[in-house]
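Heads up, the thing below is written out as structure tokens.
The values are calculated or read from the model by the stated rules, or taken from the named source; none is laboratory data. Keep in mind that what you see is a predicted model, and the values were worked out from it rather than measured. As a convention, Cβ positions derive from the backbone with ideal geometry for all residues, glycine included, and neighbour counts pool all protein chains shown. Accessible surface areas use protein heavy atoms only, side chains included; no ligands, DNA or RNA. Shrake-Rupley method; radii C 1.70, N 1.55, O 1.52, S 1.80 Å.
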Amino acid sequence: MDYLIIQVEEQRVTAVRFRVSGRAATMAGAAAFELGHEQDLPAVARRIAEGVSAGVHVVLCLPPTLFALRTVELPLTDLRKVREVLPVHMQGEIALPAEEAVFEALPSVDGRFMAVWARRSDIAREIAIFNEAGIDPQYVTTQPLAWGHLPGITADCAVTDGRALAVIAGGNVAFMRAFSGSDSLQELRATLTALELSEMVLPPRLFVFGEQAEALAAVEELPLAVQRLELPDDLAVQLRTDETFQQVAGAFAVVRAAMQGGLADFRRGDLAWTAGDVRLRKRMIVTAVLASLLAGLLFVSQWLQYRALRTDLDSLNTSISGIYRDVFPNRTKAVDEVAEIKSEIKKMAGGDMSASFLDVLKPIAEAKGAGITGLYEAELDGRTLRVKGDARSAQAANEFKAALAPIMATVELGEVKGRPDGTVSFSLSGTVKEVKQ
């Protein structure tokens, strides 16, 4: 995950890119652009946009002079609810109508909140400039509101870079003021003096950083000790040198605030960032389309399998019907051909006989002789055998009966029907002898 911190100042724009991995942020690159008649802010925004790739979280840091703040007390603990009631709560207490302002709330000290606001048109104008250049900032903030996340400071201190002053209490910003004049040192003294007169308890130490760090560290006659912010040893690899640290410390604090979910963000209401929602909706639409296609393919696959199975079953049924007609040519079509064939196969297994049906049919076939032209039905029920067939004459049928004596305990010749050509059909029944093992 990458963060691009764009710091807009009166005469310069600084862009610093950080690569975040886990809880560590490493500087991946930085560039500074001077503003003037030859190069205005839209031109700089276009130059920055040329190097911005997809998936980068862009944080636009505007000058602190655009923002105002005040400590408020509300009987609430949820920041989301505090943000909802701030416009009504601050109505009539700020210099512009509440509907023309965009508000943010930050935790302060003693359960209070820091209400911060800016003119909506100012924020919208800056967002529009970068949007037209091809950059859609995900966050809009100002650096001093993130100074509580500067590395190397204490939980209770004051911080300045020569352009603004922030008082940190318990790790949260309790006061912020931007310096608007050319003499930042004089404004710093005046601000600290005013805070003393307001009976605000000043912290014991003032940390200074940035391009004016050396000059500010040498200032005397301030009501609190001054200390130059040094590059911590554990960040030497990420931020490289102390000179680099002084230049990007504010941007690094913004990244840390964003990583920890404590970044002040003024993209709210009708200024809210929606590009992420659009991308999410597109992904959801693509996912829904793919899911529909997958469901369709599964349906078609199951339908094809059903058709193939149905075809196989129809073919099997046709084959069974053909087999049934071949096995039982003189029978009418059965209701359940498979069940009837299974029943016949069980009968052929021999029931309680010691010899199987096939063992019985073999000597019968051997005994029929030339006088028997065909046996078209044989049924064995236990040891009771019933046979139907055709013979050349009634005498041949009687001879066949006599030939069965070795294998039949009893045998009777049933009805003998003559035909015009002299042949006869006959039926024969009897009891098969039990074979001794």
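Here are the numbers for the structure shown:
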item	result
Spherically averaged projected area of the chain from its Cα convex hull (nm²)	44.8 nm²
Table column - 3J(HN,Hα) (Hz), segment 135-143, Karplus curve with 6.51, -1.76, 1.60, x for Gly and Pro	10, 10, x, 7, 10, 10, 8, 9, 4
Three-way shape label, segment 24-180, alpha-carbon gyration tensor, a/c 1.5	prolate
Whole-percent pair-distance distribution, where bins are 10 Å wide, for the alpha carbons of segment 1-100	12, 30, 24, 27, 6, 0
Carbon + sulfur, % of accessible area of the chain - ligands and nucleic acids excluded, 1.4 Å	53 percent
Potential extension, THR431-GLU340 segment - 0.36 nm per residue separation minus Cα distance	30.4 nm
Check: segment 3-109 dipole with +1 on Lys, Arg Cβ and -1 on Asp, Glu Cβ, in debye	600 debye
Per residue, in Å², the accessible surface of the chain once ligands and nucleic acids are set aside, probe 1.4 Å	56 Å²
Under 14 Å, Cβ to Cβ, from LEU188 - net charge with Lys/Arg +1 and Asp/Glu -1	-3
Options ILE320, ALA218, LEU294, ranked by Cα towards positive dipole end of the chain, top entry (Cβ charges)	ILE320
Gyration tensor (alpha-carbon) shape descriptor, segment 153-234, a/c threshold 1.5	oblate
Contour excess over end-to-end distance, with Cα ends at GLU199 and SER321 and 0.36 nm allotted per residue	33.2 nm
Probe 1.4 Å - accessible area at PHE209, Å² to nearest ten	10 Å²
Test item: Cα-centred dipole of segment 200-313, Lys/Arg +1 and Asp/Glu -1 on Cβ, debye	1300 debye
Lysine pairs within the chain, Cα separation less than 19 Å, 8 or more sequence positions apart or different chains	17
Counted charge near ASP156, where neighbours are those whose Cβ lies closer than 14 Å (Asp, Glu -1; Lys, Arg +1)	0
Computed [θ] at 222 nm, helices only, for the chain once each DSSP H run of length n ≥ 4 contributes -39500 (n - 2.57)	-12000 deg cm²/dmol
Built amide H within the under 5 Å cut-off of ILE168, gap 5+	CYS157, ALA158, VAL159, ALA174
Axial C-alpha extent at least 18 Å, average Kyte-Doolittle at least -1.0 - helices from the chain (DSSP)	120-133, 184-197, 242-259, 275-327
Karplus (6.51, -1.76, 1.60) ³J(HN,Hα), θ = phi - 60°, over segment 414-429, in Hz, Gly and Pro reported as x	x, 5, 10, 10, x, 10, x, 7, x, 7, 9, 10, 9, 10, 9, 9
Cα-based shape type of segment 121-257, given that a ≥ b ≥ c are square roots of the gyration tensor eigenvalues and the cut on a/c is 1.5	oblate
Alpha-carbon Rg with Dmax, taken over segment 384-437, Å	12.3, 47
Euclidean distance of C-alpha centroids, segment 6-40 and segment 71-113, integer Å	31 Å
Sorted peptide list for 220-230, 296-306, 133-143, 259-269, criterion being average Cβ within 10 angstrom, highest first	133-143, 259-269, 220-230, 296-306
Phi to ³J(HN,Hα) by Karplus 6.51 cos²θ - 1.76 cosθ + 1.60 over segment 69-74, Hz, x for Gly, Pro	8, 7, 7, 10, 10, 9
